[in-house]
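Each reported figure results from applying straightforward, stated rules to the coordinates on display, with no laboratory input. Quantities reported herein were computed from a predicted structural model and do not represent experimental measurements. Glycine also receives a Cβ, built like all others from the backbone with ideal geometry; neighbour counts cover every protein chain displayed.
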Number of protein chains: 2
Amino acid sequence: MKDITQLSPREIRLLIRKGKWDKPTSGLGMGYAQANLVILPEKYAFNFLLFCQRNPKPCPLIEVLEPGRFKTEFMAFDADIRTDIPRYNIYRKGHLEETVKGIKKLWKLDFVTFLLGCSFSFEEALLRAKIPVRHIEENKNVPMYISSIPCKRAGLFHGPMVVSMRPIPPDKVTRAIQITSRYVSVHGAPVHIGDPSKIGIRDLNKPDFGDPVTIRKDEVPVFWACGVTPQAVVMKAKPDLCITHTPGHMFISDLLNEELANL
Amino acid sequence: MKDITQLSPREIRLLIRKGKWDKPTSGLGMGYAQANLVILPEKYAFNFLLFCQRNPKPCPLIEVLEPGRFKTEFMAFDADIRTDIPRYNIYRKGHLEETVKGIKKLWKLDFVTFLLGCSFSFEEALLRAKIPVRHIEENKNVPMYISSIPCKRAGLFHGPMVVSMRPIPPDKVTRAIQITSRYVSVHGAPVHIGDPSKIGIRDLNKPDFGDPVTIRKDEVPVFWACGVTPQAVVMKAKPDLCITHTPGHMFISDLLNEELANL
């Protein structure tokens, strides 16, 4: 097998479709945007779409498919949302029931698919500007925290914003804000800079999701809205059924990260 | 009566509510964002919200109210969408049936309200940067054209993008792009610069809506996505009922234009 990191997004999706890759997608398809997945029955779709409209930082929509559709029209050519993601989480009534490698057998004609931007896109831009991304350096998952920042409610969907944290050297904080501000559709500019207690985070060494990372002396913790928010919200809203990607196991699109930049 | 141009957005909305102002809102509440209005029965709401998600330049959503709600939560305090707009257009099956000063009697519990950004916000920013806005100089309506740029379809909603045109001196085109790029939620950066025929416009002197304006020698016609697009799309989609503002008679919000800028 060719080195997977050298394959195109379409080639990687085909490998995943054939069941030959079920691991995280970090580092794959470099330069191309990866996306968070949320699938809900149609009866919840309007309220979830409204939730995303009201909370664009944690829930930056890149593509929404009409009920029953499983082929993307914008993000990728010839992609099948039922098979092209390495692992899926199946939530029933807010409870994670199982993790599976495909959802063809579960598919229903009223399923509405939402694809949301992912911070991998702006991390690549940070690295290109020589701004360190600690969890990548330490080969860890980004640390994520349930903040005290409330999302705006839409119907049954509500809850606190989940944020990711990256420690930034003080002389690079402004540049990190500038760079991520360009990427509105992948969480955009930070939601908070500095003192974690101001957004309800007690201990940076105890993230709610992901791994703790080293914070060096003088480094400033910078917090971005995180794509785990919709999963946390879905767990609270307890819809009959919700299918998401398994965290870290993303949809790899044909869109360049640069195509998602606003400026 | 106090000079209306000196009143706050809330004071102007109260005058409108009492039936004391039914004229266009251009020049009122300077500094504050005005919004386009679209109201649809709930059965069309998901597809229209999807249409806006897919076509953010002509349809930049600022606030969406849940079915039956007529009070804004984000754009204004104590505003009533049924009374606080000077004139409403009532479309039935895509046909403009009548223009009215209030819609309290028509209101139904399944009505979903969409408020969309308006170019007044970025025009103020252009003027502040000494970039001429010709239709304001000439005291006219902005010229608008049905372009050949297709919108992305969502259910029954589809059609060409309507664009507005402002002639810009060649040495100010770059600056005009930079300034309007900041205002993603009020149509954002231009969709086309220069030769109108490239986007299907035959004669700049014959706009489809609004008034023709003077284009001076060497000036470049610059085209922005226009908030009339949703009305044109609704006329094509022919829903049972759709209520919009009457063009030019906008909703005046409590949000500063500057609050809508992304950067």
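What to note about this one:
- Within the same chain, lysines fewer than 8 places from residue A:2 are excluded, and of the rest, those with a Cα less than 24 Å from its Cα are A:18, A:20, A:23, A:101.
- Taking a ≥ b ≥ c as the square roots of the eigenvalues of the Cα gyration tensor, chain B is oblate, since a/c reaches 1.5 or more and a/b is not larger than b/c.
- Qualifying lysines (Cα of each under 30 Å from Cα of residue B:217; at least 8 residues distant if same chain): B:57, B:130, B:140, B:172, B:198, B:206
- Think of it as helices only: each DSSP H run of n ≥ 4 in chain A is worth -39500 (n - 2.57), and spread over all residues that comes to -5500 deg cm²/dmol at 222 nm.
- With 5 Å bins beginning at zero, the pair-distance distribution over Cα atoms of segment B:73-146 amounts to 3, 10, 15, 19, 16, 15, 14, 6, 2, 0 %.
- For B:45-52, mean number of other protein chain Cβ atoms within 10 Å: 4
- Only lysines eight or more places from residue B:108 in sequence, or on another chain, were considered; those with a Cα closer than 16 Å are B:43, B:71.
- Hull volume in cubic angstrom per residue (convex hull over the Cα atoms of segment B:107-184): 155
- Volume of the convex hull of segment B:84-222 (Cα atoms only), normalised per residue: 150 Å³.
- Restriction of the trypsin sites (Lys or Arg not before Pro) in segment B:172-225 to DSSP coil positions whose beta-carbon has at most 14 other beta-carbons within 10 angstrom yields B:202, B:216, B:217.
- Distances, shortest first, from the label point of residue B:178 to those at the same position in the other copies read 1.3 nm; the point lies 7 Å along Cα to C-beta.
- Overall, the anisotropy analysis places segment A:1-157 in the oblate class: the square-rooted eigenvalues a ≥ b ≥ c of its C-alpha gyration tensor yield a/c not less than 1.5, with a/b not exceeding b/c.
- Volume in Å³ per residue [convex hull over Cα atoms, computed for segment A:18-76]: 127
- Evaluated at q = 0.20, 0.30 Å⁻¹: base-10 log I(q)/I(0), Debye formula over Cα of segment A:1-51: -0.74, -1.23
- The protein assembly as shown - Cys residues lacking any other Cys C-beta under 4.7 Å: A:118, A:151, A:226, A:242, B:118, B:151, B:226, B:242
- Segment A:46-70 and segment B:88-164 have Cα centres spaced 23 Å apart.
- Inter-copy separations for residue B:236, label at 7 Å along Cα-Cβ, nm, ascending: 3.9
- 7 Å along Cα→Cβ, label-point gaps from residue A:193 to other copies, nm, shortest first: 2.9
- Local electrostatic count at residue B:166 - Lys and Arg +1, Asp and Glu -1, tallied over other residues with Cβ under 10 Å: -1
- Selection from A:155, A:107, A:119 lying farthest towards where the dipole of segment A:107-174 points positive, charges on Cβ: A:155
- Electrostatic bookkeeping for residue B:68 treats Lys and Arg as +1 and Asp and Glu as -1; over the other residues with beta carbon under 10 Å from its beta carbon, the sum is -1.
- Long-range tail of P(r) for the protein assembly as shown (Cα pairs > 32 Å, %): 46
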